[in-house]
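What follows is a short report on a single structure.
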Amino acid sequence: MFRWNHFGGQPDVLNNNESSFPGFPNRGGQGSERYFWQGALRSTFGKSLVNEFVFGSADATGMGTYFSVGVNEGMFNCDGLGCESLGGKGYAWSLSNAQGTASVASVNLTNPYVSTQPSADVAAILNFDDTLTWLKGAHTISTGFTYTHIKWRGEYDTVVDAQMTFGMDSRDPAYSMFDSASGNYPGGIDATQAGYARALYSIITGRVSAINGTYYWNGSEYVFNGPMGRGVIFDSVGGFVADSWRAKPSLTLTAASGTKSSSPSRTIGAGPLRRAGTWSTGRRARVRVRWVRAICSSPAR
């Protein structure tokens, strides 16, 4: 069995990636080519022995499902309606959290951009299962194994030089101009309205309270808002033995024992290590061990 799925759309309205306002340049799409295949082989040996082998895989082309497709620096570093350039560089001007709030004069503002970070990821899965069944008198004896290989990969990149947040610092000479006790407002002004006034004033006059971004390690140095790649490879193996005994026409007894273990994962690149181990026992005498290693590095380009 084989299945291929094509997904695509521009803009990606399912993830709110359409332009904030008509004519604004920033918007993104979504795209992926995902596929799945599965096969099975059933073999009969004599009258009482049957083996069934099932195998399959799920994956996608490239880096998997792509989000914010088409988002680039030119959507910010440009001239015209909705552009956000300064000094020959593109920035993300954040209006929605001016003065640390989500509104100005109790009116929610919408940022002129919807996405600054194209990304992609997928968890590729390869699986093998084999079960051997033996019919012996009143007994049905089964034994088998399972193997699963998971390879998760992902990447993203920030196309703006930084995110600029508007606001007014308390040390700004204009800050006290909006104090309720300043005497600048006949009849007075309460603290809430004073905060709205400061937020609106900071946007109008271009006062920046924060420049936000993240440094990423590319293997030799930290890069501000640089590309980022991640990946984890995880393997697990399990096995079981079971016996179903029909003691009487109205009574069937079943006993089983199984085990499943996950070896230390292999990683793509290098980065911080995270480990977790779990053990559990029960009627099936199951033991489980798991390690997970996650990495953060720049993608190969």
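The values are calculated or read from the model by the stated rules, or taken from the named source; none is laboratory data. Keep in mind that this is a model prediction, so the values were computed, not measured. Quick reminder, even Gly has a Cβ in these numbers, built from the backbone with ideal geometry, and neighbours come from all protein chains shown.
Restricting region 105-160 to residues that are of a type in the set (A, V, I, L, M, F, W, C) and not in a strand (DSSP E or B) leaves a set whose member that is nearest to F24 (Cα to Cα) is V114.
Here's the yes/no breakdown for (1) over 30 Å from P112 (Cβ atoms); (2) part of a loop (DSSP other than H, G, I, E, B); (3) within 21 Å of the chain's Cα centre (by Cα); (4) modelled with pLDDT of 90 or more:
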residue	(1), (2), (3), (4)
R198	no, no, no, no
I204	no, no, no, no
G226	no, yes, yes, no
I233	yes, no, yes, yes
W245	yes, no, no, yes
A270	yes, yes, yes, no
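Within region 35-50, the set of residues being at negative phi and outside any strand (DSSP E or B) comprises K47, S48. Scanning region 210-236 for residues that are over 21 Å from T158 (Cα atoms) and crowded, with 17+ Cβ neighbours inside 10 Å gives V232, F234, S236. Residues that are aliphatic (A, V, I, L, M) and farther than 21 Å from T165 by Cβ within region 66-95 comprise V69, L81, listed in sequence order. All conditions in (1) at pLDDT below 85; (2) more than 26 Å from E73 (Cβ to Cβ) hold for N218, with the sole exception of (2).
Among the residues making up region 163-196, those that are among the hydrophobic types (A, V, I, L, M, F, W, C), in a loop (DSSP other than H, G, I, E, B) and surrounded by fewer than 19 Cβ atoms within 10 Å (Cβ to Cβ) are A174, A181, I189.
Residues that are touching a residue at least 60 places away in the same chain (Cβ under 8 Å) and either more than 30 Å from S119 (Cα to Cα) or among the acidic types (D, E) (or both) are absent from region 169-191. Regarding region 152-161, can at least one residue be identified that is under 27 Å from the mean Cα position of the chain (by Cα), closer than 30 Å to F53 by Cα and at pLDDT below 95? Checking region 152-161: at least one residue is under 27 Å from the mean Cα position of the chain (by Cα), closer than 30 Å to F53 by Cα and at pLDDT below 95. Within region 3-34, the residues that satisfy the criterion of being among the polar types (S, T, N, Q) and either more than 24 Å from D79 (Cβ to Cβ) or in a strand (DSSP E or B) (or both) are N5, N15, N16, Q30, S32. Among the residues of region 57-76, not a single one is over 27 Å from L126 (Cα atoms), free of Cβ contacts under 8 Å to residues at least 24 places away in the same chain and either over 28 Å from the mean Cα position of the chain (by Cα) or part of a loop (DSSP other than H, G, I, E, B) (or both). Checked against (1) out of contact with any strand residue (DSSP E or B) (no Cβ under 9 Å at 6 or more places or on another chain); (2) at positive phi, L81 meets all criteria but (2).
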